[in-house]
Amino acid sequence: MGFPIAALIFFVGIMAGIIGSHIWRGTFGDKGHAFFAVASPAVQKVLLEVVKEYTGLGTFMTIDAGPTHQVVLSDMTTVFGTFDPAFLAQHPDLPLNVRALVVQDPIVRETAAVNLAGKLFKLGFSARIVEPLPEFPKGTFLLVQSNAFLGRGGIAFRPRGPTMAELTPKKSEDKGPTITRRNFLKGEF
């Protein structure tokens with residue numbers, strides 16, 4: 001009687017692993033991110049020190065994607081970022097504080113952005129869809145910009161993190177985003 005129970009437990013474990021790995025490849029493991037813009041790398045460093053001291057959240061990784069320089073915290077949702085000043089000067093209305101939501105399918109992602117912008121427009125607000133990451137394939141990161149969001153906020157739709165990393169162009173000599181792990185608390189900017 002011990003062998004059939006052990007076999008059943010083994011089978012259930014394998015099935016749970018298969019189902020779990022399938023779910024993990026979807027959007028289950030990536031809840032999107034909340035991007036908060038700060039004025040400078042010095043502000044970013046101070047913010048990280050205080051957050052670490054009082055919440056225990058540390059740096060998970062850094063991402064340099066085009067004009068943004070981001071620190072992803074260990075909750076893998078909160079992001080503190082700076083922008084290149086020249087980029088901000090060229091895009092004075094770009095939302096600086098954005099909640100990015102995961103929509104894996106590119107057609108559904110575009111439909112979500114168009115639907116949100118259209119509904120905001122029907123409510124009397126301005127609304128447009130921008131793609132602030134031109135290095136990525138069209139439709140990868142769709143940002144809905146609207147005066148319905150206060151404080152230069154916005155809502156974005158993007159694929160899950162591993163897909164974003166796969167789509168990240170390789171860094172060339174003069175341009176292109178890179179994803180690197182750094183320890184900002186050691187002063188590596």
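The values are calculated or read from the model by the stated rules, or taken from the named source; none is laboratory data. What you are looking at is a predicted structure, and each value in this text was computed from that prediction instead of being measured. Backbone-built Cβ (ideal geometry, glycine too); neighbour counts: all protein chains shown.
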> Quick check, is Pro67 under 25 Å from Lys138 (Cα atoms), surrounded by fewer than 11 Cβ atoms within 10 Å (Cβ to Cβ), modelled with pLDDT under 95 and assigned by TED's automatic domain parsing to the domain that holds Phe157?
Replying inline: no
>> If I ask for residues that are over 30 Å from Asp93 (Cβ atoms) and modelled with pLDDT of 70 or more, which ones from the stretch 7-49 would you list?
In response: Gly29, Glu49
> Does Arg109 satisfy being surrounded by 15 or more Cβ atoms within 10 Å (Cβ to Cβ), touching a residue at least 12 places away in the same chain (Cβ under 8 Å) and not in a strand (DSSP E or B)?
Replying inline: yes
> Here are some conditions: (1) assigned to a strand (DSSP E or B); (2) free of Cβ contacts under 8 Å to residues at least 12 places away in the same chain. Phe60 meets all but one. Which one does it not meet?
Replying inline: (2)
> Conditions: (1) of a type in the set (D, E, K, R); (2) farther than 21 Å from Gly29 by Cβ; (3) assigned to a strand (DSSP E or B); (4) at pLDDT 90 or above. Arg99 meets all but one. Number of the miss?
Replying inline: (2)
> Within the stretch 159-166, is there a residue that is modelled with pLDDT of 90 or more, under 20 Å from Gln70 (Cβ atoms) and crowded, with 17+ Cβ neighbours inside 10 Å?
Replying inline: yes
> Does at least one position in the stretch 45-58 carry a residue that is crowded, with 20+ Cβ neighbours inside 10 Å and assigned by TED's automatic domain parsing to the domain that holds Gly151?
Replying inline: no
